[in-house]
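Notes for the one structure printed next.
The values are calculated or read from the model by the stated rules, or taken from the named source; none is laboratory data. The model shown is predicted, which means the values in this text are computed figures rather than measured ones. Note: ideal-geometry Cβ built from the backbone for every residue, glycine included; neighbour counts use all protein chains shown.
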Amino acid sequence: MSDGITDTYRESRFKPKPISSSTTQKINIPKCCKKRPERQQQTDDALEFVKYLMNAEINHIALENPVGCISTQIRKPDQVIQPWQFGHPESKTTCLWLKNLPKLQPTNILEKPSCGYWNNQTPSGQNKLGPSKDRWKKRSLTYKGIGEAMANQWSKFIIIK
């Protein structure tokens with residue numbers, strides 16, 4: 001299935017616009033790639049795609065991703081948000097890289113429960129989800145309150161602008 005952006009990316013895959021003027025960059029190889037070397041190529045490909053998206057000739061871009069190698073290999077995020085800032089009693093550190101968009105404003109900040117940890121955490125702060133084939137899929141879902149804030153705030157910004 002074709003989606004235009006991905007096709008254009010594939011065509012220009014090895015010709016992304018430079019993200020910075022620096023010619024040297026420290027490369028950190030994640031632990032997972034040392035154990036499974038094929039993952040390094042997947043990581044490199046994903047980072048090239050992120051660079052392509054960040055440099056795309058699109059007026060407004062919001063890239064959402066958990067804390068990870070984008071922050072260390074490309075650039076720090078413009079904003080870091082949590083579900084509890086948008087009415088969900090859970091914790092999931094989420095990074096936003098923004099182009100011509102304002103930072104999201106929290107819509108419903110919740111206090112940490114009296115037990116000292118969020119609903120999706122164990123007492124030690126780890127995520128409650130155990131190993132499973134679809135754990136990645138469950139953890140990758142965007143919380144409704146965050147999605148609504150993005151839609152409401154950014155669409156208003158774009159329309160007013």
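Of the helices (runs of 4 or more DSSP H) lying entirely inside the stretch 49-161, those containing at least 3 residues that are modelled with pLDDT of 95 or more are 144-149. Just checking, does the stretch 112-130 include any residue being surrounded by 10 or more Cβ atoms within 10 Å (Cβ to Cβ), closer than 30 Å to ALA56 by Cβ and in contact with a Phe, Trp or Tyr (Cβ under 7 Å, 6 or more places away or on another chain)? Looking through the stretch 112-130, none of the residues is surrounded by 10 or more Cβ atoms within 10 Å (Cβ to Cβ), closer than 30 Å to ALA56 by Cβ and in contact with a Phe, Trp or Tyr (Cβ under 7 Å, 6 or more places away or on another chain).
Selection within the stretch 37-61: residues that are within 20 Å of TRP154 (Cα to Cα) and polar (S, T, N, Q). The member of this set that is surrounded by the most Cβ atoms within 10 Å (Cβ to Cβ) is ASN55.
Against the numbered list (1) at pLDDT below 90; (2) within 30 Å of PHE157 (Cβ to Cβ); (3) of a type outside the set (S, T, N, Q); (4) surrounded by 10 or more Cβ atoms within 10 Å (Cβ to Cβ), LYS34 comes up short only at (2).
Does the stretch 113-141 hold any residues that are touching a His at 6+ places or on another chain (Cβ under 9 Å) and free of Cβ contacts under 8 Å to residues at least 12 places away in the same chain, and which are they? None; the set is empty.
Scanning the stretch 75-92 for residues being within 16 Å of the chain's Cα centre (by Cα) and within 9 Å of ASN119 (Cβ to Cβ) gives a total of 1. When the test is whether a residue is of a type in the set (Asp, Glu), over 19 Å from ASP45 (Cα atoms) and in contact with a helix residue (DSSP H, G or I) (Cβ under 6 Å, 6 or more places away or on another chain), GLU90 passes it.
Candidates ILE109, ILE61, ILE70: the one that is more than 25 Å from LYS138 (Cβ to Cβ) and free of Cβ contacts under 8 Å to residues at least 60 places away in the same chain is ILE61. Residues in the stretch 77-97 include none that are loosely packed, with under 14 Cβ neighbours inside 10 Å, of a type outside the set (D, E, K, R), out of contact with any Phe, Trp or Tyr (no Cβ under 8 Å at 6 or more places or on another chain) and touching a residue at least 40 places away in the same chain (Cβ under 8 Å).
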